[in-house]
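Accompanying notes for the structure given below.
No lab work stands behind these numbers, since they all come straight from the coordinates. The shown structure was predicted, so the numbers you read here are calculated from the model rather than taken from an experiment. Here Cβ is always computed from backbone atoms with ideal geometry, including for glycine, and neighbour counts include all displayed protein chains.
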Amino acid sequence: MMGCRRLFLLSMLLATEHHGSTEAFSTMSIAPKSRRASTAIASTVENVFEQPSQQQQLQDDLPSVTSAEESQSIQLRSVDKDALINTSIFIIAIATVVTTVLSVDVGITRGWTAEEIALRIPLDNWRSYTNILSMAPIETKAVTSATVYTIGDIIAQKTEGLDIGKLDRGRILRSALAGLIGHGPMSHVWYHVSEDFFDNILHLHAWWDFVPKVVVDQLVFGPIWNNSYILLLGIMQLQKPGQIFGDMKRSTIPLLISGLKLWPFVHCITYGLIPVENRLLWVDLVEILWVTILANEANANNSEAQPGDDKDR
């Protein structure tokens, strides 16, 4: 293309010069006009040949622009879809809880005043919970812990700065299952074993007996459950045993130290004032704060794992 253009321009210039030599008798004023005409012709031809080149460049740039726009559009659709799914799940869950709580006295509120309804709803919900707890203690505590761990992991992800559309539903489900099959049943067994040990074996019934109970809880059950939590998450994530036990080893001391900032004070109430059958409910209410710390710690361990470390595990 460039060679043809040069030959064309050269021929035009030669033709112009030949024309100028045969018209030598013309006045001097004609020569500048001829040169200007030659320059104009050359410029026009140059533009004609440049236009296809510019058009080709625009065509080359168009796919990359289109590809970037398509990628951005796909990403936006994905975020919108996840945000819609997560929001729908939250709305359904909240609506279910609210409906269950408010309908506890359905059919017997005729003639009640608003003040009576407001007073009876929390009392009757508590009565309903204790009845279910007495009939199925392990199942009730398992569901309670699953609910708390779900809330805790959602809070943990939000503290990491994630929008509702970017919340990891798989991670939330794993935390819920850890509470369901781990914390609820294990706590039920622990509180009864602990109480039986101090009451029937050590025969410790002094007013200060909550102190050794708190110490044993922190040094025995605390590390056992923290590592069980990480173990359950690792199994559900199909991690290698070496990675799971490495996470447990790295987390044991930091979680124990973190727990000392909260649980000794909480367990003074747990073992000093709360009846055995209601201890898990009290602890689960505080667990929302603690699970946030625990979920962040477990997630940090998973994020710090390097791909190259797998060969050593």
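Taking label positions 7 Å along the Cα-Cβ direction at both Ser88 and His205, the computed distance is 5.9 nm, reported to one decimal.
For the pair Ile288 and Leu219, what calculated FRET efficiency results from E = 1/(1 + (r/R0)^6), where r is the Cβ-Cβ distance and R0 = 41 Å, to the nearest 0.05? Please list the in-between numbers first.
Details: r = 24 Å, r/R0 = 0.58.
For Leu219 and Ile288, the calculated efficiency is 0.95.
Computed over segment 145-212, the P(r) tail beyond 18 angstrom holds 55 percent of alpha carbon pairs. A simple spin-label model places pseudo-atoms 7 Å from Cα toward Cβ; at Asp196 and Leu177 they are separated by 3.0 nm.
Report the gain in length on full extension from Asp80 to Val189: 0.36 nm times residue separation, minus Cα-Cα distance, nm rounded to one decimal. Show your work: numbers first, answer last.
Numbers: separation 109, 0.36 × 109 = 39.24 nm, distance 4.37 nm.
That works out to 34.9 nm of additional length.
Here Glu116 and Ile235 are evaluated by their C-beta separation; at R0 = 51 Å the FRET efficiency comes out at 0.55. Report, in listed order, any pair from Lys158/Lys213; Lys81/Lys249; Lys166/Lys240; Lys213/Lys249 with a Cα-Cα distance greater than 29 Å. From Lys158/Lys213; Lys81/Lys249; Lys166/Lys240; Lys213/Lys249, over 29 Å: Lys158/Lys213; Lys81/Lys249.
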